[in-house]
Every structure is written in C-alpha cells, then in structure tokens.
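The values are calculated or read from the model by the stated rules, or taken from the named source; none is laboratory data. Every value quoted in this text rests on a predicted model; they were computed, and no experiment measured them. Every residue, glycine as well, gets a Cβ built from its backbone with ideal geometry; the counts of neighbours run over all protein chains shown.
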C-alpha cells in the first residue's frame, strides 16, 4: 500500500514517512507544491495524508481537485483544529481529520480503517464515468442495460477501475494480470480490449479504455 504525504514541514514529513514505513507501508513524499495534482498523477496512491496550510494552494482546494478525479481516501493531518476546519474537510471530500501533534496509534488506526473501507474487495459494484462494474456477476452496466464479461475482460476492466486516476501501460497490464507465458503477447491484450470496447458500445458506452499514444490506456 502506497501512502502519499503532502506536508511542507520537512521534519514532520520525514517523521510521518518513517512511522508509516515501520508500519509496513510504502510512502511517497510530495516536495513540489507548485503542481501537486500533476505530481499525484504518477504516484499510484492508495491513501493521501494532507496538510491544510500549504504554499500555492491550501489542502481544502487540493482535496476538492483530487476528489473530482479519484476516490482515493484523504486524511487531513493538520495543526488547524477548529470545528469549522473539520467540517470543511468533510465538505471537500476528506475521509478523516486528525490534529497535530497526532497520536501515532490513532493515526495508524485511522489509516487502516480508511484503506479497509476503500478496498474494492468490500464492494459489490464499482462506478466510474457513469457506468458500473458488478464485481460479483462480472457485468458491465450502463443506463439500465448490462452485458456479461469474460474472465479476462473482467480482470482488465477491474484493474482499470481500481486505478482509474492514471494511465496504465501494456507492459503493466501484462505483468499484473497474467503470469502464464502464453499470455505475454500484446495481441492477446489488444483482442480483449477491443472486445471490451465493442461490448461497451452495445450498452451505450461510447468511450472506454482510451488509448493515450505512446503511454498506454486510461479508463
């Protein structure tokens, strides 16, 4: 699990990172605060720890922008401790709120809870871009219509749903979804993606798995 830390205080940032690594998490530290959203797009984050008082743009505005594109859980870790701050953190899409100096055990429990509740394995359905993937019946649904997916089609689409905020390369798909040498072939992947697109069009989804030239695909 990769936790991204967005904190401009170097000492706090490093201490948070060490605490999380000792607890078994991978960490990514954002240090370029002038373009945080772009920095986040390549982190493959599972959770974000976010300060409010940041240069260029405050944590509330950053949270709102992230939530417009992704369902990544965000926990505010901040020295601002008013009720108004906590309410605003909820209004912009924050999952939880903890004030500095934070209790390490409490913070780790909040992180554990956020990751568990956001784990797709606990969901029956995932919805993105106006269409839904049924995780139990392997169905793709849109506006009252549905179509059944093969095992490989479902695996591909599921991987995009849980990584919907980033571009995924062909190599990553082949590595993550198939280990059998028989499948280590771009043609197999392209056949499945093209079938997925065709099935999506049959139920009214005009655009799915967009090809980003030279980089891969995005949901």
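So the values come out like this:
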quantity	calculated
Residue list for the range 148-173, filter: surrounded by fewer than 20 Cβ atoms within 10 Å (Cβ to Cβ), in contact with a helix residue (DSSP H, G or I) (Cβ under 8 Å, 6 or more places away or on another chain) and outside any helix (DSSP H, G or I)	150, 162, 165
Residues located in the range 16-56, provided they are free of Cβ contacts under 8 Å to residues at least 24 places away in the same chain and surrounded by 14 or more Cβ atoms within 10 Å (Cβ to Cβ)	17, 39
Test: residue in the range 124-134 that is buried (at least 17 other Cβ atoms within 10 Å of the Cβ), in contact with a strand residue (DSSP E or B) (Cβ under 9 Å, 6 or more places away or on another chain), in the same structural domain as residue 203 (by TED's automatic domain parsing) and in a loop (DSSP other than H, G, I, E, B)	no
Filter result for residue 74 (under 18 Å from the mean Cα position of the chain (by Cα), free of Cβ contacts under 8 Å to residues at least 60 places away in the same chain, closer than 17 Å to residue 4 by Cβ and buried (at least 16 other Cβ atoms within 10 Å of the Cβ))	yes
Qualifying positions in the range 133-144 - on the phi < 0 side of the Ramachandran plot and touching a helix residue (DSSP H, G or I) at 6+ places or on another chain (Cβ under 8 Å)	133, 135, 140, 142
Verdict on residue 173 being in contact with a strand residue (DSSP E or B) (Cβ under 9 Å, 6 or more places away or on another chain) and modelled with pLDDT of 85 or more	no
Which numbered condition residue 130 misses (of (1) free of Cβ contacts under 8 Å to residues at least 12 places away in the same chain; (2) at positive phi)	(1)
